[in-house]
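Working notes, beginning with the structure itself.
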Amino acid sequence: MSSDWDEVKRLAADFQRAQLSSTIQRLSERNCIEIVKKLIESKFIEVIFTTDGKEYLTHARLLKEIRDELYVHGGRISLTDLAQIIGVDYNHVEEKANEFLQSEQDTCMVLGQLITKDYMDHFAEEVNEKLQQSGEITVAEIIKIYDLPVDFLERV
């Protein structure tokens, strides 16, 4: 009986030590890669590989990155720049940009660039300011300064 009680005390002490110790278990990078690879093979997740091959992006994350970069760049950014900044293939950016355009009525695509309504409002204010200062401004000047096509300027 005494040995049973000693065993209980020992187990209680082990239990208390286990509760008080802070055990941190980490997965190695290799293990993480294997897990992601299995998830991809099992079709549980669908990812986009970055151009350097070191990272993965989900489709939702790529869409968020596009939205964020468009905001950071004042409402106008080229798809080529987006692909380079985000680090994914141009085709993925183009596909997601087209998806983005379907959900965002205030954004349009002009010569491979995403342009928001906010950018156009700012653009209109700048053109108006230049017009007020000089009294005139030609379409050619606007095209040269803002690198926008004539047909787009006629529509806005």
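Normalised by the number of residues in the stretch 1-144, what is the relative contact order in percent for Cα pairs under 8 Å and 6+ residues apart?
With pairs under 8 Å counted, the relative contact order is 15 percent.
Put +1 on the Cβ of each Lys and Arg and -1 on the Cβ of each Asp and Glu in the chain; which of V36, L148, A60 then has its Cα farthest toward the positive end of the dipole?
Going by the Cα projections, it comes out as V36.
Send over the semi-axes of the stretch 1-122's equivalent ellipsoid, whole angstrom and largest first, taken as the square roots of 5 times the C-alpha gyration tensor eigenvalues.
53, 17, 12
Where does the chain land at 222 nm, in deg cm²/dmol rounded to the nearest 500, when only DSSP H runs of n ≥ 4 count, each adding -39500 (n - 2.57), divided by all residues? List each step's numbers first, then the result.
Numbers: 8 runs with 100 residues, N = 156.
Mean residue ellipticity, 222 nm, calculated: -20000 deg cm²/dmol.
Would you work out the charge dipole size for the stretch 38-126 about its Cα centre, treating the Cβ of every Lys and Arg as +1 and the Cβ of every Asp and Glu as -1, and quote it to the nearest 20 debye?
Magnitude of the dipole: close to 380 debye.
Arrange the following residues from fewest to most other Cβ atoms within 10 Å of their Cβ: T51, T138.
Exposure proxy ranking, most exposed first: T138, T51.
Over all Cα pairs of the stretch 83-130, how is the pair count split among 10 Å bins, expressed in % and running from 0 up to the last occupied bin?
24, 42, 25, 9
Short version: what are the Cα gyration tensor semi-axes of the stretch 58-155, square root of 5 times each eigenvalue, largest first, in whole Å?
The answer is 29, 12, 11 Å, longest axis first.
With a 10 Å cut-off between alpha carbons and a GNM built on the chain, which of D14, D68, D118 moves the most?
Judging by the Gaussian network model, the answer is D14.
Just so you know, all these numbers are worked out from the coordinates, no wet-lab data involved. Small disclaimer: the values here were computed from a predicted structure and weren't measured. No Cβ is skipped: glycine too gets one built from the backbone with ideal geometry, and neighbour counts run over all protein chains shown.
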